[in-house]
Amino acid sequence: MNSLAKGRTHWRFNWTTLILAVVILLPAAYGFGRKFYELVILTGDEEGAFAIVPIANYLLASLGFAMLFVWAMFQGMFHDIEKPKEIMLANEAKLDAEAEEEREAWKGD
């Protein structure tokens with residue numbers, strides 16, 4: 001596949017992903033927001049206010065994880081997801097070779 005065809009496929013994939021994200025996430029966020037607003041309105045008294053704190057904690061924790069994901073995405077941590085595996089396997093082979101050398105050294109004593 002030539003580079004022009006790869007570029008077009010990549011561009012098309014990005015736009016498809018963006019369109020699907022907007023079509024799915026915006027209505028979901030709107031529905032959740034309306035229901036949360038209704039919950040806040042209904043829990044104006046002390047008896048119902050207990051339900052808002054766990055939901056607010058959930059939203060803040062989710063926002064934190066979303067920010068970490070966005071930060072990782074902008075840092076380029078998802079460009080080459082195979083590299084950590086290859087580094088780990090190379091380190092394992094190196095450590096195995098060192099351990100084998102040490103075993104051989106102990107056998108010689």
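Things worth noting here:
- For the pair Phe74 and Leu18 in one chain, pulling the backbone fully straight at 0.36 nm per residue adds 18.5 nm over the alpha carbon distance.
- For Glu100, net neighbour charge (Lys/Arg +1, Asp/Glu -1) across residues whose Cβ lies under 13 Å away: -3
Just so you know, all these numbers are worked out from the coordinates, no wet-lab data involved. All values derive from a computational prediction rather than experimental measurement. Glycine gets a Cβ as well: all are built from the backbone with ideal geometry, and neighbour counts include every protein chain shown.
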